[in-house]
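See structure below.
The values are calculated or read from the model by the stated rules, or taken from the named source; none is laboratory data. The model shown is predicted, which means the values in this text are computed figures rather than measured ones. Positions of Cβ are generated from backbone atoms using ideal geometry, with glycine treated the same way; all protein chains shown enter the neighbour counts.
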Amino acid sequence: MASVWRCLGVSLLVAGALWAQGLVVCGKCGREARPGDTVCRHCQEALPKPKADTPSPAVGQPAAPADDKSEAGRLAAGIVEANVRQARELEAKQPELALCYYQNAMALMRLVPAGTFPDTVSDAILAGNTRTLNLVQRGTVPCKRCNGSGRYQIDFSKVDSSSGHKTVPGVPCPTCKGAGTLPGLKEVSKAKMQLLQGRAEFEQRQMVAGDVKVGRVLVPPALDKLLSNRQRALVMTGMPMPCSECRQTARQACTACRGSGWKPCDFEGCSQGVLKETRRSGARKEKRMNEEAVKKCPRCDGLGDIPCPTCKGSRSVACSKCDGSGLAPRCTRCTGTGLMQCRRCKGTGDVKGTPCPECKGETQVLCSACQGEGAQSR
């Protein structure tokens, strides 16, 4: 009986020593408890309360490491500031590259603790993302009135059928004001190429700086080591995967007009934009000058072509694969979260009393179908 009391006293002394060090150990079975537990997970014995005040480290000794979650949030906040600063510098000259920096900052904002930045920062990042995407797709289209010359044209075919249109030097086109082009959307193929080039340059810049990939997001290795599975999924799903067909442009070339934006005028009697009516002037057989009265077609205004009714002259329509969203479809296995329950521990976080080696005790792992991206790549 005395040996039993002696063993119990030794276990209580050991538990008290560990409690003094900030660890919580069950006094009955001797197993270490997880932070925050009030009852032992093995013997259901009540646990002592953890020590609230820990002694400050002595002079010359390193301080205890900070929590991984708070440290990851601090590092992410610094990267967000650097990305937004870089994006604003590149926005005017290279909007396709600035777009990548805005998207990188948008994904890392999910790790930043609430209250670190003002509420206007998130709105500024979203507005910058939309603005740069519009700048990439914005372009010009040739003026149909002057055929891109920017000069006023006179039709001499009324006098001489072999003359055709003649450009008047020094007189600007009234439609385009002498520019030869009108504002419009860039060709889909050119916009896609520009976005791909911007993405390639962004990855090259960041990898030269030493960053590593977390999905499509690039972060320093120090931040990559601190990320849990849940944080990785937050970051990876924060940068949506683009549609494989339109590459975020949300458009595809119009098949009705074959990407030109124009179709031949279908007004009755219209031939190259004019309506011809023969004048009746008696029984003369010879043909005189201006024998035929040439009138401008009221529908095409003398152009011979009208804007395509399908694309409204924009040369493109909404992408049929993503329905105009510009994004890849969600993963059907994880429903876009990028996470799934660990199969080895079945979501408990431990295997035979030890942390699960598959999920490291987090109860969840990255989705095996989308690798944590939350979207289907194809």
- Task: Exactly one condition in (1) in the same structural domain as GLY78 (by TED's automatic domain parsing); (2) in contact with an Asp or Glu (Cβ under 6 Å, 6 or more places away or on another chain) is not met by GLN231; state its number.
- Result: (2)
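Residues checked against (1) surrounded by 13 or more Cβ atoms within 10 Å (Cβ to Cβ); (2) among the β-branched types (Val, Ile, Thr); (3) closer than 30 Å to THR249 by Cα:
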position: ALA328; (1), (2), (3): yes, no, yes
position: CYS334; (1), (2), (3): yes, no, yes
position: ARG343; (1), (2), (3): no, no, no
position: LYS346; (1), (2), (3): no, no, no
position: THR354; (1), (2), (3): no, yes, no
position: GLU358; (1), (2), (3): yes, no, no
- Query: Out of segment 204-226, which residues are surrounded by 15 or more Cβ atoms within 10 Å (Cβ to Cβ), assigned to a helix (DSSP H, G or I) and out of contact with any strand residue (DSSP E or B) (no Cβ under 6 Å at 6 or more places or on another chain)?
  - Reply: ARG205, LEU223, LEU226
- Subset tally (residues that are crowded, with 18+ Cβ neighbours inside 10 Å, more than 18 Å from ASP323 (Cα to Cα) and touching a helix residue (DSSP H, G or I) at 6+ places or on another chain (Cβ under 9 Å)) for segment 246-276: 0
- Item | Among the residues listed as ARG145, ARG151, the single one being in contact with a Ser or Thr (Cβ under 7 Å, 6 or more places away or on another chain), surrounded by 15 or more Cβ atoms within 10 Å (Cβ to Cβ) and in contact (Cβ under 8 Å) with a residue 60 or more places away in the chain | ARG145
- Is it the case that LYS166 is out of contact with any Ser or Thr (no Cβ under 8 Å at 6 or more places or on another chain), surrounded by fewer than 16 Cβ atoms within 10 Å (Cβ to Cβ) and either at pLDDT 70 or above or closer than 30 Å to ASN104 by Cα (or both)? no
- Message: Of the conditions (1) touching a strand residue (DSSP E or B) at 6+ places or on another chain (Cβ under 6 Å); (2) closer than 17 Å to SER244 by Cα, GLY374 satisfies every one except a single condition; which number is it?
- Response: (1)
- Mind counting the residues in segment 200-230 that are among the polar types (S, T, N, Q), within 16 Å of LEU75 (Cβ to Cβ) and modelled with pLDDT of 95 or more? 1
